[in-house]
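J.: After the structure tokens below, expect a handful of questions from me.
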Amino acid sequence: MAANKRIMKELGDVNTNPPPGCKITTKDEDIYNWDVSMDGPDDSIYKGGKFTIAIVLPKEYPFKPPTLSFRTKIYHPNVTNDDRGAMCLGMLRAEEWKPPNKIADVLKLVRAVLSAPQPDDAVEAGIADQFKNDRKGFDKTAQDWVKKYAK
Amino acid sequence: MQRLEARRGVEEQHFLARRARSHSYNPPVDLRLVDYVSSYDPNLMCPICRCPFVDPVVLAECGHCFCRECIRQSWNTQTTTYTPHGPHGDCPSCRTPARLRPRSTTNNILINMTDELIVRCPKSDEGCKAEVKRGEVQDHVNIYCGFTLVECGADHCELPVRRKDVAQGCLHYGVSCLSCRKELDKCNLDCHWRNDCPARQTECAVCKSMVFPRDLAEHSSTACAAISVPCPGAALGCSNRSTGAQARTHADTCMLAKLAPILTTQHERLEEQEAAQKQMSRKLEVLEDGFTTIQSILSPFSSDNMVDKLGTDPAPGPRPTDLPGPYSADFDLDAPASFSAPNTSAGPYASPLHHLLHMHESLRDEISRISSALSELDGRHSMQNLNENLRTREEISYIGAQLGGLQRQVHWLTSAQLHRQQAGRSPTPGSATSAGTAITDATSGAGVEAALGAVNTAATALRGAARMVNVGGREASGMRRGASEEGRTKL
Ligand SMILES: [Zn+2]
Ligand SMILES: [Zn+2]
Ligand SMILES: [Zn+2]
Ligand SMILES: [Zn+2]
Ligand SMILES: [Zn+2]
Ligand SMILES: [Zn+2]
Ligand SMILES: [Zn+2]
């Protein structure tokens, strides 16, 4: 119940003062499932894309981290290239999550990772290799995907 | 005796049962769920539950502060092993291993600050309008709140009823809502009407949608889809009027709406400035008035008097013509009668203030001139003094040398006399002659002695004179310095 109150509060906060480039909605009063529509950061190759991200808060939130998945396909070494589109790094890992973290902080992290992919922490080894060795090819594919999926 | 004890036992059971029941009717207030009326400092907020701290504890290991319950929950979800020393785990903020001691707490200031926050009664949904301090909300619910559930006052009825309804007897009989025909207990009818009777919903006068009475205020202020709101930039010329969500999207795009808050702040600042300016001009008026009165008080003995005083000063002071004459021009219009204007070289002034400033400036010049003259005088005097002293000292030393010569001569004379006496005594002449020589000896010795005394007194007199010269010199210079200092402070 207290967690509930905290989620309501965070929801109110992000609605009055949303993180840059993000728009947050919840489906049917279900405050445990957040839909985020994020614009690709201007300083990244994902500029101009519009990505839908689903955030699921566990019942134990804020004591357990939320899970995050890209509903829009994205070519990125830290996002699984399947229909789950999961992203799990940094503060989102269970052992690194701290209860004082907020969803707004999570979204800031996501934007930072979109701007600067972390190939050493990658879930897609192939994409990470390309990012490290063939930066041009990686940029091109990523931009193609943005045009194809994230419009 | 036994019966009495048995009865007491029964009564105690009764009391405990009642207390347990009232506890289950009214669970203790969860301070995290109440609505805070007063805004509070973000520093009072627990980072875990994002509410003002409830029973805060500070972890001694790192100094971070959390609600006791929050930190406990945080550690329960982590894998913590049991230890006999109480719960422990990593600090949720900085991961320092920490331990919760039974006596861990924080200082009273924090507790008092959080307890002072004003909250709404948790029964506000049911109609209680009380707003109390958070530290007193439990008492409000337990003792005062009319919406707290208590046991029905009627015999043999153990059902809960709101405290305010207790006097109305047992309300636990079925009624049906006159509006929607729903069957319910009489005691719940109020609440039903207020919160969920579909037939009692009032119609929004504008959008015709049905709203529960308790939501009406909120509906018409924010949610109503039909109440058209003017664009926030309406004052700047945007004529757009739209409803609900549309209004919000318009406000996001409309340039004028974005400018509006900036312009209002500008406007406010402008008004503030104007008010301040008005105040300043009032102040200036008062000052001018004051100045006029001062002028009129001073005018009878204005410049002439002052010039006289300064003119007698031997120092190179200002000539009377250097003094600024009273201003003329605009000020004459205000107070022409109060003083005559012996206009001198100084020209007209833009305002009384300028005149005053000019006067002040010239006075300051004069003072500096006088003080420099004084110091010059002082220097000259001390120089003179020094020369005089030097000459006196030379004379004294000359006299001293002469005295020394005299002393030596006298000494020589005395020793020669003594020598002669001894030489005369050794051959032992006649008693008469010896007596005669003794007499002459005595007289000559006395004469020598007298001469010596005279020389000595002369020496002391000389020394005294020298001292007097010294003292006199010092005194004179001291007096002069004192006088000059006095003069400076006076000016
Ligand atoms: Zn807390
Ligand atoms: Zn800490
Ligand atoms: Zn109340
Ligand atoms: Zn009853
Ligand atoms: Zn009804
Ligand atoms: Zn309406
Ligand atoms: Zn507008």
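J.: Could you please give the count of residues in the stretch B:60-74 that are open to solvent by 10 Å² or more (accessible area, probe 1.4 Å) and in a helix (DSSP H, G or I)?
T.: So in the stretch B:60-74, the residues open to solvent by 10 Å² or more (accessible area, probe 1.4 Å) come out as B:60-65, B:68-69, B:72-73.
Of the ones still in play, those that are also in a helix (DSSP H, G or I) are B:68-69, B:72-73.
Within the stretch B:60-74, residues that are open to solvent by 10 Å² or more (accessible area, probe 1.4 Å) and in a helix (DSSP H, G or I) number 4.
J.: Something else about it: Filter the stretch A:1-26 down to residues that are buried (at least 16 other Cβ atoms within 10 Å of the Cβ), among the aliphatic types (A, V, I, L, M) and touching a Lys or Arg at 6+ places or on another chain (Cβ under 9 Å) and give me whichever is nearest to the other protein chains (Cβ to nearest Cβ).
T.: Filtering the stretch A:1-26 for residues that are buried (at least 16 other Cβ atoms within 10 Å of the Cβ), among the aliphatic types (A, V, I, L, M) and touching a Lys or Arg at 6+ places or on another chain (Cβ under 9 Å), the one nearest to the other protein chains (Cβ to nearest Cβ) comes out as A:Ala2.
J.: Of the residues in the stretch B:292-305, how many are modelled with pLDDT under 90 and open to solvent by less than 60 Å² (accessible area, probe 1.4 Å)?
T.: 5
J.: Just for the stretch B:75-98: of the residues that are over 38 Å from the mean Cα position of the chain (by Cα), within 11 Å of another protein chain (Cβ to nearest Cβ) and surrounded by fewer than 17 Cβ atoms within 10 Å (Cβ to Cβ), which one is modelled with the highest pLDDT?
T.: Per the criteria, the residue is B:Arg95.
J.: Name the single residue that is farthest from ligand 7 (Cβ to nearest atom) among those in the stretch B:137-159 being among the polar types (S, T, N, Q) and open to solvent by 40 Å² or more (accessible area, probe 1.4 Å).
T.: In the first step, residues of the stretch B:137-159 are kept if they are among the polar types (S, T, N, Q); the result is B:138, B:142, B:148.
Adding the requirement that they be open to solvent by 40 Å² or more (accessible area, probe 1.4 Å) leaves B:138, B:142.
Numbers: B:Gln138: 49, B:Asn142: 52 Å.
That would be B:Asn142.
J.: Of B:Cys191, B:Cys180, B:Cys157, B:Cys152, which residue is in contact (Cβ under 8 Å) with a residue 40 or more places away in the chain and either more than 14 Å from chain A (Cβ to nearest Cβ) or more than 16 Å from ligand 5 (Cβ to nearest atom) (or both)?
T.: B:Cys191
J.: Report yes if B:Arg269 is at pLDDT 90 or above and not in a loop (DSSP other than H, G, I, E, B), otherwise no.
T.: Working: at pLDDT 90 or above: yes; not in a loop (DSSP other than H, G, I, E, B): yes.
Yes, satisfied.
J.: Now a separate question. When the residues of the stretch B:357-403 are narrowed to those that are within 26 Å of B:Ala461 (Cβ to Cβ) and among the aliphatic types (A, V, I, L, M), which ends up least open to solvent (accessible area, probe 1.4 Å)?
T.: Among them, the one singled out is B:Leu403.
J.: It is to be established whether one or more residues within the stretch B:208-221 are open to solvent by 70 Å² or more (accessible area, probe 1.4 Å), within 28 Å of B:Leu31 (Cβ to Cβ) and either within 16 Å of ligand 3 (Cβ to nearest atom) or within 14 Å of chain A (Cβ to nearest Cβ) (or both).
T.: Yes, some residue in the stretch B:208-221 is open to solvent by 70 Å² or more (accessible area, probe 1.4 Å), within 28 Å of B:Leu31 (Cβ to Cβ) and either within 16 Å of ligand 3 (Cβ to nearest atom) or within 14 Å of chain A (Cβ to nearest Cβ) (or both).
Each row is one residue, and each column tells you yes or no for (1) in a loop (DSSP other than H, G, I, E, B); (2) within 14 Å of chain B (Cβ to nearest Cβ); (3) touching a Leu at 6+ places or on another chain (Cβ under 9 Å).
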site	(1), (2), (3)
A:Asp28	yes, no, no
A:Ser37	no, no, no
A:Asp43	yes, no, no
A:Leu68	no, no, yes
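J.: Which of the residues spanning the stretch A:131-144 are surrounded by 14 or more Cβ atoms within 10 Å (Cβ to Cβ) and among the charged types (D, E, K, R)?
T.: First pass over the stretch A:131-144, keeping only residues surrounded by 14 or more Cβ atoms within 10 Å (Cβ to Cβ): A:131-132, A:138-139, A:141-143.
Residues satisfying the conditions are A:Lys132, A:Asp139.
J.: Taking the stretch B:19-59 on its own, how many of its residues are in a helix (DSSP H, G or I), of a type outside the set (Gly, Ala, Ser) and closer than 30 Å to B:Leu159 by Cα? It would help to see each step written out before you state the result.
T.: Of all residues in the stretch B:19-59, those in a helix (DSSP H, G or I) come to B:19-25, B:42-44.
Next, from what is left, pick out any that are of a type outside the set (Gly, Ala, Ser): B:19, B:21, B:23, B:25, B:42-44.
Imposing the further condition that a residue be closer than 30 Å to B:Leu159 by Cα reduces the set to B:19, B:21, B:23, B:25.
Count: 4.
J.: Considering only residues of the stretch A:28-44 that are within 18 Å of the chain's Cα centre (by Cα) and surrounded by fewer than 12 Cβ atoms within 10 Å (Cβ to Cβ), which is farthest from ligand 4 (Cβ to nearest atom)?
T.: The qualifying residue farthest from ligand 4 (Cβ to nearest atom) is A:Asp43.
J.: Restricting attention to the stretch A:99-130, and to residues there that are open to solvent by 60 Å² or more (accessible area, probe 1.4 Å) and over 11 Å from the mean Cα position of the chain (by Cα), which single residue is nearest to the other protein chains (Cβ to nearest Cβ)?
T.: Here is the first cut: in the stretch A:99-130, the residues open to solvent by 60 Å² or more (accessible area, probe 1.4 Å) are A:102, A:108, A:118, A:120-121, A:123, A:125, A:129.
From what is left, the residues that are over 11 Å from the mean Cα position of the chain (by Cα) are A:102, A:118, A:120-121, A:123, A:125, A:129.
Values: A:Lys102: 8, A:Gln118: 21, A:Asp120: 22, A:Asp121: 19, A:Val123: 25, A:Ala125: 30, A:Asp129: 33 Å.
Among residues in the stretch A:99-130 that are open to solvent by 60 Å² or more (accessible area, probe 1.4 Å) and over 11 Å from the mean Cα position of the chain (by Cα), the one nearest to the other protein chains (Cβ to nearest Cβ) is A:Lys102.
J.: Now, a different point. How many of the residues in the stretch A:92-151 are closer than 27 Å to B:Pro92 by Cα, modelled with pLDDT of 90 or more and of a type in the set (Lys, Arg)?
T.: Counting residues in the stretch A:92-151 that are closer than 27 Å to B:Pro92 by Cα, modelled with pLDDT of 90 or more and of a type in the set (Lys, Arg) gives 3.
J.: Go through B:Arg194, B:Arg134, B:Arg120, B:Arg162 for me and flag whichever is modelled with pLDDT under 80 and surrounded by 14 or more Cβ atoms within 10 Å (Cβ to Cβ). Step through it out loud before you land on a result.
T.: Details: B:Arg134 fails: modelled with pLDDT under 80; B:Arg120 fails: modelled with pLDDT under 80; B:Arg162 fails: modelled with pLDDT under 80.
None of the others qualify; the one that does is B:Arg194.
J.: While we're on this one: Residues of the stretch B:29-48 being within 13 Å of chain A (Cβ to nearest Cβ) and either of a type in the set (Asp, Glu) or open to solvent by less than 10 Å² (accessible area, probe 1.4 Å) (or both), which ones?
T.: Filtering the stretch B:29-48 down to residues within 13 Å of chain A (Cβ to nearest Cβ) leaves B:29-36, B:40, B:42, B:45-48.
Within the stretch B:29-48, B:Asp30, B:Val34, B:Asp35, B:Cys46, B:Ile48 qualify.
The values are calculated or read from the model by the stated rules, or taken from the named source; none is laboratory data. These figures come from a predicted structure and were not determined experimentally. All Cβ positions, even for glycine, are placed from backbone atoms using ideal geometry, and neighbour counts span all protein chains on display. Calculation scope for accessible area: heavy atoms of the full protein, side chains included, ligands and nucleic acids excluded. Shrake-Rupley method; radii C 1.70, N 1.55, O 1.52, S 1.80 Å.
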